[in-house]
1. Please identify the trypsin sites (Lys or Arg not before Pro) of region 154-208 that satisfy two criteria: DSSP loop assignment and at most 10 other Cβ atoms within 10 Å. Which are they?
2. Dipole magnitude of region 141-203 about its Cα centre, charges +1 at Lys/Arg Cβ and -1 at Asp/Glu Cβ only, in debye to the nearest 20?
3. For region 141-203, what does the alpha-carbon gyration tensor say about shape, rounded, prolate or oblate, given a ≥ b ≥ c as the root eigenvalues, a/c under 1.5 as rounded, and a/b over b/c as prolate?
4. Taking the Cβ of each residue in ARG14, ARG86, ARG64 as the centre, tally the other Cβ atoms inside 10 Å and list the residues starting with the fewest.
5. May I ask for the net charge around LEU55, where only other residues with Cβ less than 10 Å from the Cβ of LEU55 are counted and Lys, Arg are +1 while Asp, Glu are -1?
6. Please tell me which of these pairs span more than 29 angstrom C-alpha to C-alpha: LYS65/LYS142; LYS105/LYS175; LYS20/LYS105; LYS105/LYS142; LYS63/LYS142?
7. In which sequence would THR96, THR71 go, from the one with the fewest C-beta neighbours within 10 Å to the one with the most?
Amino acid sequence: MRTPSASQVQNYLRDFLKTKDVKVEYFGPLSEYGEDKTIPKSKDIKTLGYGIPYLVVYKTRGKRKESIISTMRIGKGFGHDFRADRVDNLVLSYDTWGDLPKHCKVQDLGAFAKRDSSMISLGDSEEFFILRPKVEGVEYFKDLDRLMTEGKLESYDVPRVRALAEYLVLIHKAKPEERETELYARKIRDTLGHGECIFGLAYSYPRE
């Protein structure tokens, strides 16, 4: 699927924000946005990288904003094989991230049109995406990759693990209401048996 152009992103933001006062300054992979915060020239990227976060820098109503457009990575063996799997994850993110304490919020849920990869709220769609504010930080899986490669702990590894564990405790200590106990039990079943969770990880191991 082709990556939408900066003008298509701009049209989408104008529709979403309900104002013509939107000017996109940069649209491209987040990894290519310089640390000095200068605005590199937007490039015509032929293929959308599934799972690669794209940064959009834009001005609206006199304010400069930075948001991330995220798609779901297509990963065989991790429960992302079907488009429905990926849509499920993105809709769940849209519905739940705002309720999680200290979690990045979601601004919008949308989709790319089959015809030309223009961005639409919903309709004749192909892949879905979420729009979210850009926040500073590095994904935790990079720590795990480093630990696997280097085989040693850094001074910040144990505090980070503790912080993550305490955050999970904060989320799960909330007791479900009586009417939600069946839903809570269902999510436990999903964690064990869903293609994305424990069994999904098990299937990612080599056959031997």
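Every number here is computed from the coordinates shown, using simple stated rules; none is lab data. None of the values given here were measured: they were computed from a predicted structure. Please note: Cβ atoms are built from the backbone with ideal geometry, for glycine as well, and neighbour counts cover all protein chains shown.
1. Working: sites: ARG160, ARG162, LYS173, ARG179, ARG186, LYS187, ARG189, ARG207; in loops: LYS173, ARG207.
Of the trypsin sites (Lys or Arg not before Pro), the ones in loops of region 154-208 whose Cβ has at most 10 other Cβ atoms within 10 Å are LYS173, ARG207.
2. 80 debye
3. Note, shape of region 141-203 comes out oblate.
4. Ranked by crowding around the Cβ, least crowded first: ARG64, ARG14, ARG86.
5. Values: positive: LYS134; negative: GLU32, GLU66.
Taking every Cβ under 10 Å from that of LEU55, the sum is -1.
6. Beyond 29 Å between Cα atoms: LYS63/LYS142.
7. Numbers: THR96 11, THR71 20.
So the ranking, lowest neighbour count to highest, is THR96, THR71.
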